[in-house]
């Protein structure tokens, strides 16, 4: 009876974990927070662009090379079918986030030991990053799902004879994958290399040649997308230099691994990746468990380890070439590999402890402590939340016809996207000082230059687009001084830190009188009388 009860619990445990992960993801999706800056950069392009225009770089604020074309097409199709709303924009990432849970369960069963599966699944289900990006209008959730599908596909391919049907499936899925996920190219490179080595080692020459052919077709498909949709890479895009500069400033590209600087970069980023995007506490413990997992799999599951770890090395190599950043959400697609290997490490540590009879009583407690010390309590509501919708609703209800709006620089994309919903007209917004000349053209400046915006006087507009992303003493004071003697002005802020916001408010308090304020998470409205 006790044995049967244990079997029942073990059988249902993964599905209970999946159910828990689904509840959290549904909760966040229906929380329906406002689009934050990076979401708004993409979302504004769906207001009036056609399918074809979405596939022609550049998009208004960020070049389409940053968002896979397949993702854009699915989003546009969703809007046509169900209407434009935050829920619909996030529908595809949400579906991917939800589908990833059971898919990851089957992937875990194929790649790691049975005892490690619930551990890996729990880490995956409770991951802050995976929870958040399942309801974020960006491609990172679909990157993860496509990665899992590709890993599952290779297990399906290698378990039976390589028939024409299986080759065709492998070819089609691979071609589609790179149109929906940029890092899918790294996974496909790993799969292609693995299968070629596998069939070559087994002297299955025809199968090996077939995989070489499939890999070449994948490569041609990627090149076609890279040239005609991505426009040939960052270097050819309007804001490409800025993005490269930004990623360099974040130290996202690996230096030479044979230098002391490169070695320190590798060590630092090795542990950092378990925290962001890995969402794990005690990164040193996670790093050790990852190494233990690699050693354990090297003994019993060499092929699985090779497949799981090769995309990490390929991503590092591409990072060294400064073609793809090894940084936070950009490597979210590697999380399935991280969690599987760490789970194997935790489980194998338990197995080794079983060999020590005097410590048997501490084994379950040891595993529980390890898991609890690693997981991060879900704080997904506070991640990149910029609640501008309540701000606009409040201003709409309290604004006088004679009032002026001042839109802070980084608040522009979200304001533009939501403006019509609250009876504001973004088309009537203007700059009141000349566009600044910066070394790097940022997303908003790029769009304003493309629009050919020219400054107007305060008397000529009721909606002002702020020109500066931070409080630059002389320049910002000169712009704000133009508001004096112009009555009531509503200031809309989002995507700025408390220090920057306080600098603005300190100066506004000097030249005007603060009449009202309405504060939300990550977004703020202030009414001043000048």
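The values are calculated or read from the model by the stated rules, or taken from the named source; none is laboratory data. Computed from a prediction, not measured in an experiment: that's the story for all the values here. With ideal geometry, Cβ positions are generated from the backbone for all residues, glycine too; neighbour counts draw on all protein chains shown.
The set of residues in the stretch 331-366 being modelled with pLDDT of 60 or more and surrounded by fewer than 20 Cβ atoms within 10 Å (Cβ to Cβ) consists of 349, 350, 351, 352, 353.
Considering the stretch 495-530, the residues that are touching a strand residue (DSSP E or B) at 6+ places or on another chain (Cβ under 8 Å) and part of a loop (DSSP other than H, G, I, E, B) include one that is farthest from residue 461 (Cα to Cα), namely 522. When restricted to residues that are closer than 19 Å to residue 292 by Cβ, touching a strand residue (DSSP E or B) at 6+ places or on another chain (Cβ under 8 Å) and surrounded by fewer than 24 Cβ atoms within 10 Å (Cβ to Cβ), the stretch 105-128 contains 1. Candidates 77, 130, 162, 72: the one that is assigned to a helix (DSSP H, G or I) and touching a residue at least 40 places away in the same chain (Cβ under 8 Å) is 130. Among the conditions (1) buried (at least 24 other Cβ atoms within 10 Å of the Cβ); (2) modelled with pLDDT of 95 or more; (3) closer than 20 Å to residue 13 by Cα, residue 102 misses just one, which is (1). Does residue 59 satisfy the criteria of being in contact with a helix residue (DSSP H, G or I) (Cβ under 9 Å, 6 or more places away or on another chain) and either on the phi > 0 side of the Ramachandran plot or part of a loop (DSSP other than H, G, I, E, B) (or both)? In short, yes.
Condition first: on the phi > 0 side of the Ramachandran plot and modelled with pLDDT under 95. Can you find one or more residues in the stretch 474-482 that meet it? Scanning the stretch 474-482, I find no residue that is on the phi > 0 side of the Ramachandran plot and modelled with pLDDT under 95, so the answer is no. Considering the stretch 223-258, the residues that are surrounded by 19 or more Cβ atoms within 10 Å (Cβ to Cβ) and at pLDDT 90 or above include one that is nearest to the chain's Cα centre (by Cα), namely 252. Only one of the numbered conditions (1) at pLDDT 95 or above; (2) assigned to a helix (DSSP H, G or I) is violated by residue 492, and that is (2).
Residue 480 passes every criterion in (1) more than 21 Å from residue 455 (Cα to Cα); (2) assigned to a helix (DSSP H, G or I) apart from (1).
For the stretch 197-222, filtering for residues that are over 30 Å from residue 71 (Cβ atoms), within 34 Å of the chain's Cα centre (by Cα) and either at pLDDT below 90 or surrounded by 15 or more Cβ atoms within 10 Å (Cβ to Cβ) (or both) leaves 1.
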